[in-house]
Amino acid sequence: MTARVATLLELYDHSLIDRRDVPAVEYDAADGHTASLTFGELDSRSNRLAQQLGARGLQRGDRLAFYLVNRIEIVDLWIACVKLGVIVVPINVLYKEREIRHIVTDAEPLAVVTTAEQMTQFPAGVACWDVRTLCSDAAGMPDIRPTCALNAESPAALVYTSGTTGASKGAILTHGNFASNARGVAEAWRITSDDRYLAALPLFHVHGLGNGIQTWLAVGCHMKLVARFEAATAADLFESYRPTLFFGVPTMYVRLLDVPDDRARVVGKHARLFVSGSAPLPAQVHDAFHAKYGHMILERYGMTETLMNVSNPYDGERRPGTVGLPMPHVSVRILAEDGTEVGADATGELWVQGPNVCAGYWRRPEATAESFIAGWFRTGDIGRCVPDGYITLEGRRSDLIISGGFNIYPREIEELLLEQPGVREAAIVGVVDRARGEMPVAYLVVDASFDEVAALAHLRTQLASFKIPRGIVRIDSLPRTALGKVQKHLLPPFTPEGARP
Ligand code: MLC
Ligand code: AMP
């Protein structure tokens, strides 16, 4: 890899050009058989697709969204957009029409690439391109790389996140953000072209897209791309592919604890590194995984707006319950509410600075001004640092719920519930779940006209499945402060028997 990389294409050319004939990726093709591509083939496919996108009117700075379950065409699309300077807008494939509408209205993509079957999810007036048609049209285009003058500041993606408050915002992630992050990840976790990376995280979030895809292309290792992580087939997948490298969310590691011991030992024998992030990894899962697979999971902490912030060390102690030390080239400060730096072992908000921090929020100067202050980004995460530098996350300034690694903002669900007949007050809280970390539960004050079945059915049409409350608890009133703010910590504990799912 070159010492200083300005754009993603410079980073990828270490693989796309220098390793042209080397096998790059295997994946399940549409007809069910396992297909594979070399780095040179990826280069050619993305050249042709870039030509096709250009013929469809896309130019540097335009946005192009995708709404797809993991498939190889997302990789083609990503590299083609990088070559054209087009800004990619990934949309969570579990989102429903209302959630999609917000993103497409805000990002104004020229089109959304999706499947013919999924187009029904889209609001009227949004241009949808069928991924199969787009890619078969591209196959007839010339294998010529488009020329486009870009630099480290050029935006590469808008990734939507709710941040600490309000409506979902697009974090503007630049070529420099992704490139420096990939180099930092490869350096910190010793990832080389000898690795075999199993890509099971969804490519519409930065964990899979920013760490997974970028680092794979940067180092030129082999990747197996799967549609999604499925507990029932995970053991077969690990045994047949024999990855050395796996990135996952804690729920995936909880599911992997169900693999029989003898099979887990074989998987562990071939693996070099298991990484966990996006939600807290319980210390008991850490220990149980170590006993079963013979590996200490490396836990790290990232964010959509900042890609990777902090990581346990590769060689040093991987300390359960902590997220470790700042990544190379990333600075972290822990500040009290009054803006002063707290001492060792004291709790405060984490502020981050470095080439990983995004350029701001898309068309939201006020939200940008609130979160980006004097060259630092306010994460909204609360934590502390012990004297030897390890950081522990202890919570968030907002009441964000993380379920299976997917973020849930209570306010969005509360507002929808309050629109339902008979709902007078609503509070959503996260309750502990062994596998998914947390699950949303609704506490409602209702009158006789409330119809629980109808309300839940309505929510299912409006929200991604992971946001649907797993229980509804009816109470007489919500506990509030003198100023009327709901005190969620004073709500009665949730007992599944007392609530209907
Ligand atoms: C889950 N589903 C998916 C899916 N994951 N569909 C498509 N693609 C995926 N990746 C759907 C299932 O079809 C099902 O839908 C429902 O979700 C529950 O699935 P499950 O198999 O019963 O769930 P489970 O065994 O609990 O596993 C879920 C999971 C998933 C762990 C595979 O939660 C997941 O992929 N999480 C990763 C989230 C992530 O990447 N976060 C990173 C954010 S970036 P239905 O309709 O039947 O209910 C970030 C920054 C950073 O946070 O870097 O740290
Ligand atoms: P997202 O907005 O999806 O990028 O989610 C980022 C948030 O996930 C962070 O602000 C943290 O609150 C949380 N997060 C990421 N990694 C970890 C981790 N290892 N432990 C605890 N929380 C994490």
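The residue that is modelled with the highest pLDDT, among those in the range 141-166 that are in a loop (DSSP other than H, G, I, E, B) and either more than 26 Å from GLU10 (Cα to Cα) or not assigned by TED's automatic domain parsing to the domain that holds PHE66 (or both), is SER162.
Summed over the range 85-104, the residues that are under 17 Å from VAL131 (Cβ atoms) and more than 14 Å from ligand 1 (Cβ to nearest atom) give a count of 5.
State whether the residues of the range 364-380 include one that is touching a Gly at 6+ places or on another chain (Cβ under 8 Å), surrounded by 21 or more Cβ atoms within 10 Å (Cβ to Cβ) and under 30 Å from VAL441 (Cα atoms). There is at least one residue in the range 364-380 that is touching a Gly at 6+ places or on another chain (Cβ under 8 Å), surrounded by 21 or more Cβ atoms within 10 Å (Cβ to Cβ) and under 30 Å from VAL441 (Cα atoms). So, PRO440, is that one surrounded by 12 or more Cβ atoms within 10 Å (Cβ to Cβ) and in contact with a Ser or Thr (Cβ under 9 Å, 6 or more places away or on another chain) or not? Answer is yes for this residue. Within the set CYS135, CYS128, the sole residue that is open to solvent by less than 70 Å² (accessible area, probe 1.4 Å), in contact with an Asp or Glu (Cβ under 6 Å, 6 or more places away or on another chain) and not assigned by TED's automatic domain parsing to the domain that holds GLY360 turns out to be CYS135. Just wondering, is there one or more residues in the range 189-201 that are within 14 Å of ligand 1 (Cβ to nearest atom) and part of a helix (DSSP H, G or I)? Scanning the range 189-201, I find no residue that is within 14 Å of ligand 1 (Cβ to nearest atom) and part of a helix (DSSP H, G or I), so the answer is no. Within the range 232-277, track down each residue that is closer than 14 Å to ALA199 by Cβ, hydrophobic (A, V, I, L, M, F, W, C) and within 14 Å of ligand 1 (Cβ to nearest atom). Selection gives ALA234, LEU237, PHE246, PHE247, VAL249, MET252, VAL275. Tell me whether the range 262-273 contains one or more residues that are within 18 Å of GLU438 (Cβ to Cβ), open to solvent by 20 Å² or more (accessible area, probe 1.4 Å) and outside any helix (DSSP H, G or I). Within the range 262-273, not a single residue is within 18 Å of GLU438 (Cβ to Cβ), open to solvent by 20 Å² or more (accessible area, probe 1.4 Å) and outside any helix (DSSP H, G or I). Name every residue in the range 398-413 that is closer than 14 Å to SER168 by Cα, in contact with a strand residue (DSSP E or B) (Cβ under 8 Å, 6 or more places away or on another chain) and within 13 Å of ligand 1 (Cβ to nearest atom), in order of residue number. Passing the criteria: LEU400, ASN407, ILE408.
When you look at MET296, is it within 10 Å of ligand 1 (Cβ to nearest atom) and at pLDDT 95 or above, yes or no? Judged against the criteria, MET296 is not a match. Could you tell me whether VAL249 is touching a residue at least 40 places away in the same chain (Cβ under 8 Å) and touching a Gly at 6+ places or on another chain (Cβ under 8 Å)? Here the answer is yes, as VAL249 does meet what is asked. Pairs are defined by a Cβ separation below 8 Å, a sequence spacing of at least 6 or placement on different chains, a first member in the range 19-32 that is closer than 14 Å to ILE72 by Cβ, and a second member that is of a type in the set (Asp, Glu) and open to solvent by 50 Å² or more (accessible area, probe 1.4 Å); the pairs so defined are ALA24/GLU41.
Criterion applied to LEU53, LEU49, LEU110 was being farther than 23 Å from GLY208 by Cα, more than 22 Å from the chain's Cα centre (by Cα) and open to solvent by less than 20 Å² (accessible area, probe 1.4 Å), and the one residue passing it is LEU53. When the residues of the range 386-429 are narrowed to those that are over 25 Å from the mean Cα position of the chain (by Cα) and open to solvent by 60 Å² or more (accessible area, probe 1.4 Å), which ends up farthest from ligand 2 (Cβ to nearest atom)? Filtering the range 386-429 for residues that are over 25 Å from the mean Cα position of the chain (by Cα) and open to solvent by 60 Å² or more (accessible area, probe 1.4 Å), the one farthest from ligand 2 (Cβ to nearest atom) comes out as PRO421. The residue list GLU412, GLU425 contains one member that is in contact (Cβ under 8 Å) with a residue 40 or more places away in the chain, part of a strand (DSSP E or B) and among the charged types (D, E, K, R), which is GLU425.
The values are calculated or read from the model by the stated rules, or taken from the named source; none is laboratory data. Bear in mind that the values here come from a model prediction, so they are computed numbers and not experimental data. As a convention, Cβ positions derive from the backbone with ideal geometry for all residues, glycine included, and neighbour counts pool all protein chains shown. These accessible areas exclude ligands, DNA and RNA; they are computed on the full protein's heavy atoms, side chains included. Shrake-Rupley method; radii C 1.70, N 1.55, O 1.52, S 1.80 Å.
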